[in-house]
Every structure is written in structure tokens, then in C-alpha cells.
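Read through the structure below, which is laid out as C-alpha cells, and then see the notes.
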Amino acid sequence: MIKKANETKEDVFVRWNCATIRVESTSTVEGLMEEYREQRMAIDKMNAPKDGRDKHLYRITNKLGTFYVVSRSFDEAAGEMKKRLDKANYGFSSYRTVPSIDHLAVQHFYDDKQLFSDNDANLIIVED
């Protein structure tokens, strides 16, 4: 890309892993890689949980069916599911309770990087 910028005497833009790098004729590989690392760190930081808490995937089963909820806690998952069922006026109100909830996976960040586990199911949430 540096060679192309030199030949055309125009800047070249490279989009790589959501980072956009401007390549000029005076650019160096080291400088471009540093810019890429900085942009990726910023992107990772944007995608990390805002309050530092992990996100979990729960399976909730009740008389109305099976529901999958991503939230930060059991209580939050159960509350959000019931709230949505109530708002939709779905099924009998007594059926909207949460008799069973299972933890399936976790998305955990530390120091702006997602951590993965060999022992637990890893959750990756793609957000716009």
C-alpha cells in the first residue's frame, strides 16, 4: 500500500478488521501498524461492557415455552423476560413466571480485552 501511495502520489485507505488506516507516501509499516493497534484498542474498548459487568446468556423455561436472554444477572434476565411477556400480553399472566433458568454462556472482558475460558461456554455478542 505504501508503494501504491508512492506510485500514484495519492493517499490510499485500507479497511482491516473494522479499522480504517490512511496510507500516505511517507508512511512506514511500523507507523501504520501502531495506528492499526490504536484503532483496534478503541474498537475493543467501545465493545466492552460499559459498566464492567459480564454479559450472560440464560435459558428460561416456563409454561409458555423456552426463551433465551442476554443480561448481566439472573434477576435482570427473569425481570426483562417477564416485562416483555407482560407488555405483549402473551399467555396467561400466571404462566409468565420464571420457574426455571439456566446459565449457558458468559462474555467476560478484562482490561479492554475479551477473555475466553476452556471450562465455560464463551459468549460473543456482535453489536452494531
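For the range 60-101, give the magnitude of the charge dipole about the Cα centre (Cβ charges: +1 Lys/Arg, -1 Asp/Glu; no others), in debye to the nearest 20.
Dipole of the range 60-101, to the nearest 20 debye: 120 debye.
Peptide packing: for 115-123, 53-61, the average count of neighbouring Cβ atoms within 10 Å per residue gives the ranking 53-61, 115-123, highest mean first. Think of the range 2-47 as having a plus end and a minus end, set by charges on the Cβ of Lys, Arg, Asp and Glu; of Val29, Val14, Ile2, Val14 sits farthest toward the positive end of this dipole.
Once the Kirkwood radius over Cα pairs is known for the range 81-128, the Stokes-Einstein relation at 4 °C and 1.567 mPa s delivers a diffusion coefficient of 94 µm²/s.
About its Cα centre, the dipole of the range 2-47 is roughly 160 debye, where the only charges are +1 on Lys and Arg Cβ and -1 on Asp and Glu Cβ. A dipole drawn for the range 60-128 from +1 and -1 charges on Cβ atoms has a positive end, and of Ser93, Val106, Asn122 the residue lying farthest that way is Ser93.
Please get the size of the charge dipole for the chain, origin at its Cα centre, with Cβ charges of +1 on Lys and Arg and -1 on Asp and Glu, quoted in debye to the nearest 20.
Here the size comes out at about 700 debye.
Just so you know, all these numbers are worked out from the coordinates, no wet-lab data involved. The structure displayed is predicted, hence computed values, not measured ones. Methodologically, a virtual Cβ is constructed for each residue, glycine included, from the backbone with ideal geometry; neighbour enumeration extends over all protein chains shown.
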